[in-house]
1. Could you tell me what percent of the DSSP beta bridges with both partners in the stretch 75-169 are antiparallel, to the nearest 5?
2. Springs between alpha-carbon pairs under 10 angstrom, Gaussian network model over the chain: which of 145, 81, 161 fluctuates most?
3. If you stretched the chain out fully between residue 92 and residue 145, how much longer would it get, using 0.36 nm times the residue separation minus the C-alpha to C-alpha distance?
4. First check a/c for the stretch 3-59, with a ≥ b ≥ c the square roots of the eigenvalues of its C-alpha gyration tensor; if it is under 1.5, answer rounded, and if not, answer prolate when a/b is larger than b/c or oblate otherwise.
5. Determine, from the Cβ-Cβ distance of residue 187 and residue 49 and an R0 of 30 Å, the FRET efficiency 1/(1 + (r/R0)^6), rounded to the nearest 0.05.
6. For the chain, what proportion of DSSP beta bridges, expressed in % and rounded to the nearest 5, is antiparallel?
7. Return the distance in nm (one decimal) between the two label points of a simple spin-label model at residue 32 and residue 119, each offset 7 Å from Cα along Cα→Cβ.
8. Kindly provide the helix-only [θ] at 222 nm of the chain, computed as the sum of -39,500 (n - 2.57) over DSSP H runs of four or more divided by all residues, to the nearest 500 deg cm²/dmol?
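What follows draws every value from the coordinates through simple rules; no lab data is involved. Keep in mind that what you see is a predicted model, and the values were worked out from it rather than measured. All Cβ positions, even for glycine, are placed from backbone atoms using ideal geometry, and neighbour counts span all protein chains on display.
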Ligand code: GLN
């Protein structure tokens with residue numbers, strides 16, 4: 001069984017675990033400690049509140065060790081707040097968190113909770129069919145470095161990108177029944 005982690009401090013943890021558990025051969029593990037982290041082949045950083053997850057990563061002394069594993073090549077997928085944690089630059093904010101991916105993100109770029117929305121989108125390298133994209137107080141990516149590959153844009157804004165072992169999405173595939181993104185990430189883990 002392939003052990004894939006979900007960072008277990010705050011946010012849509014159970015939803016990611018549920019999606020992963022529907023994929024054959026995958027054993028999802030909620031990661032809260034260094035020991036948990038050692039056991040997984042890759043990790044999902046869920047959506048939630050980046051300030052809260054960032055604080056807990058720090059308080060539980062997980063920031064440094066997680067950053068190190070990512071820099072050594074462990075596959076990581078940040079959804080929404082998870083993407084903010086991974087960004088090297090955050091618009092209007094000096095504080096960054098893991099700062100591993102060469103992107104600039106804008107928090108709450110679409111507005112507040114009431115501006116959350118759902119859209120169908122085509123992301124050919126992830127799925128041959130259109131997939132539902134759910135945005136909740138979502139960030140977008142303002143710009144990417146040349147080694148970052150843009151996977152998806154919605155209305156001219158970048159909402160999914162990949163660079164080496166790092167995948168980020170503004171939206172929440174774990175809140176839909178579509179497993180395309182989870183399967184795509186599981187393949188990244190298998191190849192690691
Ligand atoms: N607005 C949140 C933040 O800034 C992210 C929202 C989400 O993860 N759905 O962290």
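1. Numbers: 20 of 27 bridges.
Here the antiparallel bridges make up roughly 75 percent for the stretch 75-169.
2. The residue that fluctuates most here is 145.
3. Details: separation 53, 0.36 × 53 = 19.08 nm, distance 1.88 nm.
Length gained between residue 92 and residue 145: 17.2 nm.
4. Details: a/c = 3.14, a/b = 1.45, b/c = 2.16.
Oblate, since a/c reaches 1.5 and b/c is not below a/b.
5. On the way: r = 29 Å, r/R0 = 0.97.
That pair, residue 187 with residue 49, gives E of 0.55.
6. On the way: 20 of 39 bridges.
About 50 percent, rounded to the nearest 5.
7. Computed distance between label sites residue 32 and residue 119 equals 3.7 nm.
8. Details: 6 runs with 51 residues, N = 192.
Result for the chain: -7500 deg cm²/dmol, rounded to the nearest 500.
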